[in-house]
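Below: the structure, in structure tokens.
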Amino acid sequence: MRIRTGIALLAVAALIGACGGDDDNGGGSVSAGDYARDICTATSDWVQGIQTLATDLQQELPQGASPQEGKEALEGFLGDALERTETYVSAVEDAGTPDVDGGDDAAGQIRDAVGEARDIISDARDQAGDLPTDSEQAFSEEADELGNSTRDSLSAVGDAIGDPPEELSNAFQDEEACSQIGAPGGS
């Protein structure tokens, strides 16, 4: 049970993080509304994808799993989460830059935050490979520690995103896709 708890904590940690969408203009200057829609749609897709991975991990990891099974499951989860995050990073880059005063800075903060989230998940995946498997207690304790540090790091990334310019904030608030995810300036 302790193994499942440690893995669950790390899966949840991957859900807490930064704030991308695909745009036909290849990342150029876009309206605030188009930018908000693209960012919030990609963020929602990323969060839903990570949630699905976490649910699958919980359902597929058997009760009484060995530390080795837990480690392998965790490495697989984090590898899949990293792939989804790479897609998210690309979507944020493709969203372009909102054509508002301060739009370059706002888009840069979001791109930087998503890139940091990717790096944190990559580091967590690498650290999962070093988890001990010779003791259930040691595995559980270190998996819990990894989950806590990953969660805290991802939360700090999200908290570091400043308030967007008013016009962009209004676009986030007006965009239906943003209401579900707590986007910058969103409700």
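Every number in this text was worked out from the coordinates using simple rules, so none of it is lab data. Computed from a predicted model, the values in this text were never measured in an experiment. Ideal geometry is used to build each Cβ from the backbone, glycine not excepted, and the neighbour counts take in all protein chains shown.
Structure summary
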{"quantity": "Per-peptide average of other Cβ atoms within 10 Å, ordering 85-95, 100-110 highest first", "calculated": "85-95, 100-110"}
{"quantity": "Sequence ranges 131-143, 72-84, ranked by mean other-Cβ count within 10 angstrom, highest first", "calculated": "72-84, 131-143"}
{"quantity": "Distance between region 123-154 and region 72-99 - C-alpha centres, whole angstrom", "calculated": "21"}
{"quantity": "About the Cα centre, charge dipole magnitude for region 2-179 (Lys/Arg +1, Asp/Glu -1 at Cβ), debye", "calculated": "680"}
{"quantity": "Distant-in-sequence amide H partners of Ser29 (H built 1.01 Å from N, under 5 Å)", "calculated": "Thr97"}
